[in-house]
């Protein structure tokens with residue numbers, strides 16, 4: 001079912017979820033795709049093939065494919081996302097303030113040392129279990 005002109009949806013990568021069309025078959029595992037994505041080589045396993053097929057020749061130009069996508073109304077999705085991204089740009093990111101090294105050392109409190117606990121041995125575990133069982137029986 002992998003053939004030139006077959007419409008597919010990209011499943012993996014930064015362009016996941018976007019429609020593309022197979023422009024050229026490289027080998028059994030790889031094809032060249034174009035459309036709502038950058039024209040590039042893609043693994044067939046990363047595509048969900050759709051039943052739709054466009055009438056294009058092998059190695060069709062990007063401009064003609066974009067023209068077909070625009071006629072079908074598939075290119076609008078990409079343009080809308082780009083427009084939304086431009087609108088979303090809001091306030092600039094806050095700048096990080098540099099700390100002064102000299103003052104930080106003077107005001108820093110000494111670190112408290114934490115004592116390491118000994119690992120429980122099998123005998124210790126048995127004692128704890130017996131103690132909890134005995135406490136449970138008393139209640």
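The values are calculated or read from the model by the stated rules, or taken from the named source; none is laboratory data. For clarity, every value in this text was computed on a predicted model and none was experimentally measured. Every residue, glycine as well, gets a Cβ built from its backbone with ideal geometry; the counts of neighbours run over all protein chains shown.
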Being closer than 20 Å to residue 71 by Cα, modelled with pLDDT of 90 or more and outside any strand (DSSP E or B) is the filter here, so list the residues in the stretch 19-36 that pass it. none
Residue 56: passes all of (1) within 17 Å of the chain's Cα centre (by Cα); (2) under 16 Å from residue 72 (Cα atoms) but (1)
For the stretch 37-57, give me each residue that is closer than 20 Å to residue 68 by Cβ and assigned to a strand (DSSP E or B). 40, 42, 47, 48, 49, 50, 51, 52, 53
